[in-house]
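Here the structure is laid out as structure tokens; the discussion comes afterwards.
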Amino acid sequence: MKKFAVFGNPIAQSLSPTIHQMFAKSCAEDISYQKIEAPLDSFEATIDSFLATPQTVGCNVTAPFKERACAMAKHKDDAVMMARAANTLMRNKKGELCAFNTDGIGLVADLTNNGLNLQGSKVLLLGAGGAARGVVHPLLNAGVEHLHILNRTVEKAQAIAEDANNPKVTAVKPEQLFTDYDVVINSTSASLSGTLPAVPDAVLANCKLAYDMVYSKDNGATIFMAHAAQLGAAKQLDGLGMLVEQAAAAFSIWTGKQPSTASVIEYLRNH
């Protein structure tokens, strides 16, 4: 039996065990997948101990440990380097710790699943934290033509644009915004506290899709989605699909198998 876990603090709310058990069943894999609340002062030791356990293949990492997971790893993929944060860990055949960030892959897959063609598209990213950083390269790899980053602190958005080192990525001020974005992505956690990110109404009113990276626990619309719908955004979507798709990318890294996700997303929507 292959062993996996997700580490966070708190972690009780995590849907990861349900998601990965469904993946395992569909891919004929025999796994165990635990939720482990790592102590804030001994995260690294907890990870090392788990990965040293027989039959352990890898683990996921969530808040507040993603940056520390990145720091632990000897090998890091491009998304980890950009985000300075990792959500997936495993040891290679030499026993060296490898870190991956699958959030951006998950986002792109969910957008594509919902009919958005990112090739040549105009995307506005709200926020300039780790969540925003993690999705920049996957969005560029998917063919985005303009990736604008809007943040209250312009310097943070400029830092991401500089690190991306790509002319398609620009930190923008409100007066520089387009009025016809294909997708406006809220990467802030504002919805979790019932608040809205700062973005002009006209931008949301004219976009094809308003996407909130967080998801509503009761399956209703997040405050960002409801606001965008009221203004006239053509379509609104939460981050539940992204959650499942980033998990699928991690599962594929660990097992070499690509699980189907549609039935898992549907199950979570209904439960």
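The values are calculated or read from the model by the stated rules, or taken from the named source; none is laboratory data. Note that the coordinates shown come from a computational prediction; the quantities given were computed from them, not determined experimentally. Counting neighbours? That spans all protein chains shown, and the Cβs are built from the backbone with ideal geometry, glycine included. Just the protein is used for accessible areas: all its heavy atoms, side chains included, with ligands, DNA and RNA removed. Shrake-Rupley method; radii C 1.70, N 1.55, O 1.52, S 1.80 Å.
Before moving on, here are some points about what is shown:
- Around the amide H of LEU125, modelled in the peptide plane, lie the amide H atoms of HIS148, ILE149, LEU150, ILE185, all under 5 Å away and 5 or more residues distant in sequence or on another chain.
- Distance cut-off 17 Å, percentage of C-alpha pairs in region 104-153 lying past it: 28
- Given LYS2/LYS257; LYS3/LYS217; LYS74/LYS94; LYS2/LYS25; LYS2/LYS93; LYS66/LYS208, the pairs whose alpha carbons are separated by over 20 Å: LYS3/LYS217; LYS66/LYS208
- Per the Debye calculation on region 1-77 with a single equal scatterer at every Cα and no solvent contribution, log₁₀ I(q)/I(0) for q = 0.15, 0.25, 0.27 Å⁻¹ amounts to -0.52, -1.23, -1.32.
- Residues in region 142-150 carry Karplus couplings, in order, of 7, x, 4, 8, 10, 10, 9, 10, 10 Hz; the curve used is 6.51 cos²θ - 1.76 cosθ + 1.60 with θ = phi - 60°, and Gly or Pro positions show x.
- Rg/Rh (Cα only; Kirkwood hydrodynamic radius) as it applies to the chain: 0.97
- Within the assembled protein chains, the solvent-accessible surface assigned to SER14 is about 20 Å², based on a 1.4 Å probe.
- Whole-percent carbon and sulfur share, accessible surface of the chain, 1.4 Å: 51
- Cα Rg, Dmax, region 133-271, angstrom units: 16.0, 47
- Under 5 Å from the amide H of ARG91 lie the amide H atoms of CYS98, each residue being 5 or more positions distant or on a separate chain, with H modelled from the backbone and absent for Pro and chain starts.
- Region 181-244 - Rg (one decimal) and Dmax (whole number), Cα, Å: 10.5, 31
- Between amide H atoms placed 1.01 Å from N, distances below 5 Å from TYR33 occur with PHE4, all of them 5 or more places distant or on a separate chain.
- Cross-link reach list, aspartates and glutamates versus LYS173, counting only Cα pairs under 14 Å and skipping chain neighbours closer than eight places: GLU155
- Candidate aspartates and glutamates - alpha carbon under 16 Å from LYS168, same-chain residues fewer than 8 apart omitted: GLU145, ASP182
- The percentage of C-alpha pairs in region 140-200 whose separation is greater than 19 Å is 34%.
- Heavy atoms of the protein chains alone define the surface here; on that basis region 129-168 has 47 Å² accessible area per residue at 1.4 Å probe size.
- Local electrostatic count, ALA142, Cβ distance below 12 Å [Lys/Arg +1, Asp/Glu -1]: -2
- Translational diffusion coefficient (Stokes-Einstein; Kirkwood radius from C-alpha pairs) of region 1-158 at 20 °C, 1.002 mPa s, in µm²/s: 127
- Per-residue 3J(HN,Hα) values for region 238-250, derived from phi via the Karplus relation 6.51 cos²θ - 1.76 cosθ + 1.60 with θ = phi - 60°, read 9, x, 5, x, 4, 4, 5, 5, 5, 5, 4, 5, 5 Hz in sequence order (x marks Gly and Pro).
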